[in-house]
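Every read-out reported here was derived from the displayed coordinates using simple, explicitly stated rules and does not represent laboratory data. This is a predicted model, so every value here is computed, not measured. Methodologically, a virtual Cβ is constructed for each residue, glycine included, from the backbone with ideal geometry; neighbour enumeration extends over all protein chains shown.
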Amino acid sequence: MGELANCPKCGGIFVKNQFRDICQNCWKEEEKAYETVYRFIRKRENRAATIQQVVEATGVEEELLFKFIRTGRLILTQFPNLGYPCDKCGKIIREGKLCNHCKEELRKELELHEAEEERKREIEKREKQATYLAMDARYRKREF
């Protein structure tokens, strides 16, 4: 069952569930906005529109367009110039959460981190091997 929450858009109280993160009234407004956007880009002459062109023509906020794309309501294969921002740098992408540049940068940072961790393990291993134990003469092994 859902829990009570405040709508992030209007501040009203609603029962939050796995399907909606906003109240019923705001959801209806989003649905109207979606229909407006879809009607616009569905036309053949508008299929190549950019995000900015869609915003200007429909009056729908850019963030709401990104939400429609991220949730799969607008399928990018049908609209070649639409996308959403990379989570790290903001460059417009069409899949995943990061652009190729940020992915590569993250991969390099991870490799560097792994190399540093391996170097630390090697140092620790050498220090353990270099440790000598001094034994008291009383405990030496006796031969019979």
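I need the full set of residues from segment 68-115 which are without any contact (Cβ under 8 Å) to a residue 24 or more places away in the chain, in contact with a strand residue (DSSP E or B) (Cβ under 8 Å, 6 or more places away or on another chain) and among the β-branched types (Val, Ile, Thr), in order please.
ILE69, ILE93
Mind checking whether some residue in segment 40-60 is touching a strand residue (DSSP E or B) at 6+ places or on another chain (Cβ under 6 Å) and either of a type outside the set (Lys, Arg) or at negative phi (or both)?
no
Take the residues of segment 4-34 that are within 25 Å of the chain's Cα centre (by Cα) and surrounded by fewer than 12 Cβ atoms within 10 Å (Cβ to Cβ): which is nearest to THR71 (Cα to Cα)?
Only one residue tops the list, namely PHE19.
Quick one: in segment 61-113, which of the residues that are acidic (Asp, Glu) and closer than 27 Å to CYS26 by Cβ is farthest from the chain's Cα centre (by Cα)?
Among those residues, the one meeting the criterion is GLU61.
Check ALA48, ALA57 and return the single one that is closer than 24 Å to ILE92 by Cβ, in contact with a helix residue (DSSP H, G or I) (Cβ under 6 Å, 6 or more places away or on another chain) and small (Gly, Ala, Ser).
Result of the check over ALA48, ALA57: ALA57.
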